[in-house]
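Reviewing the structure listed below.
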Amino acid sequence: MQPFAPAAVPTRGRFTLPTEAGQDDLVLDLAAKWGADTIRDSDGTELSPSLTALGFDIFSTVLLTRADQEFVRAHSEFLIRKFFRSDPVTATTYSVVLDPMRGFDSRKYRIDTLNDPAVWWEVHDRTTGRKLPGSQWAFDPESGMVTVNGITPWHQYTVNFLVQQTWDSTSMHNHLTNGWTCAPIMSVDPWHPACYDHLMQWFDRWLEEHPATTVVRLTTLCYHFPIDSGADGKTRYFDGQGYADTVSIPALLDFEKTYGYRPSSEDFVDQGYYRNTHRVPTPRQRQWMEHIHKFVVRFGRDLTDRIHRAGKKAAIFWGDHWIGMEPYLPSFQEMGIDIHINACEGAVVARRCAEAPGSQIKELRLYPYLFPDTFNDHGGQPLRDSQLFWANVRRGLLRAPVDRIGYGGYLSLAARYPEFVAQVSGLAQEFRTLIEVTRSTRSWRIPVKVGILNAWGACRSWIPMEGRDQKFAVSYSDNMFLLARSYLLECLAGLPVDVTFLSFDEVAADGIPDDLDVLINDGDAGTAQSGGHYWAQPEIVTAVRRFVHQGGGFIGVREPSAHAAMGRVFQLADVLGVDQELGHSPSQRSIAEWQENRDHFILAGEALELNFGISQSYVAPVEPGTQILATGPGGHVLASARDCGAGRAVYFAGLPATLDNYRLLLRTLVWAARQEPSLGQWFATNPKTECAWYPEVAKLLVINNSPEAQLTTVLDGVGHTSELSLAPYASAWFSPQN
């Protein structure tokens, strides 16, 4: 292969730059260094008239639900509402007093007294699960307490109560992060007709007042994902896809008209789990999501119609108030969005944005955000963070490109770190080169199509699972937490394979699609990702067994097919060859030392540092022919493989997103699909490096994912090999030999 030096790549374009009032010279300087063709405002900043006259395309950010604070403060009846569950209290007598707000941040929430607690609240005996009749409890609005009588001593009791949210979640984060001293910003719920009408009138005026704006950046529409704050100001509950913040009395009553029943507070509280994304969704939960989605689409369409009539384009940000948007549902296209923007910290989100259906322009807002939580002199490492984030984002872009990148925040903070500024200059040009050279064409794929099987299917494509081990291991104050949580999907997102997402309901109804080569089930027991009770359905178990026995591959990660029944925990133990011990078995699955086979194809020839995230899986072989690839202390199986009929199956106790695990998963996929020879072409031998071949333009890109220089050998598609050296995080282009 011959090195290829891309020529005539523009040094300007495909880049959105945040601005900062009073920093016009800095804006011009960084626009030149980073090649920006578009400028935008950010939360807490405003485009100055001098900036809007500089000849850039102008993105103006607007979030209607918190835009008119004078209106918000005059209409508390329109504030965002949600149901909370009080902390459980153990009764020691026949009555108990519950303090609903104990443990919640009083700056962010207040008890809603505009809607009758006797109608909308519920008190539950959490020992029996029984809802108490209204005659047994009373709320005192003066003290804010709930008194419950006629109860059973030593049972636990809670109250589900309705609150008004008095501080918008993103605004609160930005205020506290940046030390802002202005009044807290609140959001309204446009489901209220009078509120809806006011917001549309306000937006019409806003469009008239922003003639220089070329793109209206909606950030986003109606409802924020839940970030619930405790009394100590720290996050006590987080769900980036949750619908807990979508409650309003009009929405509940309209739902009743449509579906024939009224959701209760417990439908949202869910024993305290708040119907989070990792719970197996219920039919009632799906109906509520559908209800909200239809409204959000209508709201969004009303906005885009106004934007288009004003001669502007409509951009939407997949973040903040994105709940109800659901970009992977076909009805999302009815909104008429022109540009789709996603905050991106790794390959998973890059694939999520790039592969979202529709013809929208796709843009990634890169991390780190230009805020003082990273750009500070007491532990912040913006250069390190940016290098790591970009290395991971780049992996995803090799498999599915987007159209644009950009940043948000304060340029004055970034300017204090010249090494960061220089690194962004480099990655911006690297991105432009990728798009110009490849013309956004598709990179070569190994002939393996992967299906991710979970309860959500395509509507939650490229949404990573936060497993229980990650909840304990990762701090939300760490900028790296988003990458650490991704686990298997982050590994998969940068590999040269096609990926689709399918639900258990689809498999139960239609079986496994004929074009799939490998099926993956990854998740903790009982979660939406693993499947929970779905594995009690014979249609699903038999469909997967048939798929594997007829030649398909199956990879199970963490606690795949876990549903304790019929003497098994893993309902596909016969396929995987291993099962998990819960302490019920009469010694036949005792943990022992198993003979490891490190010469298996999945591990052979690679000096990989194996990391499965845990050392104790309580998993042991239960079928003959199961090959143990790795064990933890005491013999816990951490990796295994076996032939099953004409197919193959692999088990991993976990798969954290590490450079070596990228390679481990790639070798696993080709082995499970019986495509081992495919690693003999367009392949970089050093697992710290990867490559992408673009057949339509006959160019090869090799990347170094590590912070150290690397030597690697690249195999092309016709049997030639080339050795090359790559600097830390570097990339290099090549043309094949004639």
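The values are calculated or read from the model by the stated rules, or taken from the named source; none is laboratory data. Because the structure is predicted, anything quoted here is derived from the model rather than measured. Glycine also receives a Cβ, built like all others from the backbone with ideal geometry; neighbour counts cover every protein chain displayed. Only protein heavy atoms, including side chains, enter the accessible area calculation; ligands, DNA and RNA are left aside. Shrake-Rupley method; radii C 1.70, N 1.55, O 1.52, S 1.80 Å.
Only one residue of THR93, PRO633, THR220 has its Cα farthest out toward the positive end of the dipole of the chain, where Lys and Arg carry +1 and Asp and Glu -1 on Cβ, and that residue is PRO633. In this calculation the C-beta distance from ASP373 to ARG110 is compared with R0 = 22 Å, giving a FRET efficiency of 0.20.
How would you classify the chain from its alpha-carbon gyration tensor, with a ≥ b ≥ c the square roots of the eigenvalues: rounded for a/c under 1.5, else prolate if a/b is greater than b/c, otherwise oblate?
Numbers: a/c = 1.90, a/b = 1.10, b/c = 1.73.
Oblate, since a/c reaches 1.5 and b/c is not below a/b.
Would you mind working out the accessible area per residue for the chain, using a 1.4 Å probe, and quoting it in Å²? Kindly include the intermediate steps, with their values, before the conclusion.
Working: 27690 Å² over 738 residues.
I get 38 Å² per residue for the chain.
Of all beta bridges that DSSP places with both ends in the chain, some 55 percent have antiparallel geometry. Taking 30 Å as the straight-line reach from the Cα of LYS313, the lysines in range (excluding those fewer than 8 positions away in the same chain) are LYS33, LYS294, LYS362. Among beta bridges identified by DSSP and lying wholly in the stretch 498-580, the antiparallel ones come to about 25 percent. Toward the positive end of the charge dipole of the stretch 386-468, about the Cα centre and with charges on Cβ (Lys, Arg +1; Asp, Glu -1), which of GLY426, ALA400, GLY451 goes farthest? The Cα lying farthest towards the positive end belongs to GLY451.
The label-point distance for THR128 and GLN271, in a model that sets each label 7 Å from Cα toward Cβ, rounds to 1.8 nm.
Between the alpha-carbon centres of the stretch 390-421 and the stretch 254-289 there is a gap of 38 Å.
According to the square roots a ≥ b ≥ c of the eigenvalues of the Cα gyration tensor, what is the shape class of the stretch 240-373, taking rounded for a/c under 1.5, prolate for a/b larger than b/c otherwise, and oblate for the remainder?
Numbers: a/c = 2.15, a/b = 1.37, b/c = 1.57.
It comes out oblate by the Cα gyration axes.
Which residues in the stretch 134-173 place their backbone N less than 17 Å from a point set 7 Å from the Cα of THR92 along the Cα-to-Cβ direction? Those under the cut-off are 148, 151-157. Sorting the segments 557-567, 342-352, 107-117, 408-418 by their mean number of nearby beta carbons within 10 angstrom, highest to lowest, gives 342-352, 557-567, 408-418, 107-117. By its C-alpha gyration tensor, with a ≥ b ≥ c as the square roots of the eigenvalues, how is the stretch 521-567 shaped: rounded for a/c under 1.5, else prolate for a/b larger than b/c, else oblate? Cα axes put the stretch 521-567 in the oblate bin.
Apolar share of the accessible surface for the chain: 51 percent from carbon plus sulfur atoms, 1.4 Å probe.
For ILE361 and ALA194, the FRET efficiency from 1/(1 + (r/R0)^6), where r spans their Cβ atoms and R0 equals 30 Å, is about 0.30.
Remind me, relative contact order of the stretch 581-701 in percent, using alpha carbon pairs under 8 angstrom and six or more residues apart?
On the way: 171 pairs, mean separation 25.6, N = 121.
21 percent.
What the Cβ-Cβ distance of HIS584 and THR500 gives, at R0 = 35 Å and to the nearest 0.05, is a FRET efficiency of 0.45.
May I ask you to order 620-633, 271-284 by the average number of other C-beta atoms within 10 Å around their residues, highest value first?
Working: 620-633: 18.1, 271-284: 16.5.
The peptides rank, most packed first, as 620-633, 271-284.
Within the stretch 604-631, list the residues whose amide N lies under 18 Å from a label point set 7 Å along Cα→Cβ of GLU708. Answer for the stretch 604-631: 606-611.
Taking every alpha-carbon pair under 8 Å whose residues sit at least 6 apart, the stretch 206-358 reaches a relative contact order of 30 percent.
Close amide H contacts of ALA343 (hydrogens built in the peptide plane, cut-off under 5 Å, sequence separation of 5 or more or a different chain): TRP318, ARG365. In percent, rounded to a whole number, the relative contact order of the chain is 11, using alpha-carbon pairs under 8 Å and six or more apart.
Helix-only mean residue ellipticity at 222 nm, the chain, DSSP H runs n ≥ 4 weighted -39,500 (n - 2.57), per residue, nearest 500. What is it? Walk me through the intermediate numbers first.
Details: 20 runs with 201 residues, N = 738.
Helix contribution divided over all residues of the chain: -8000 deg cm²/dmol.
Summary of the geometry: the stretch 503-526 and the stretch 191-206, compared by the centres of their Cα atoms, lie 43 Å apart. The tail of the calculated P(r) for the stretch 292-363, taken as Cα-Cα distances beyond 14 Å, holds 58 percent of the pairs. Distance from the Cα centroid of the stretch 298-370 to that of the stretch 674-738 is 33 Å (rounded to whole angstrom).
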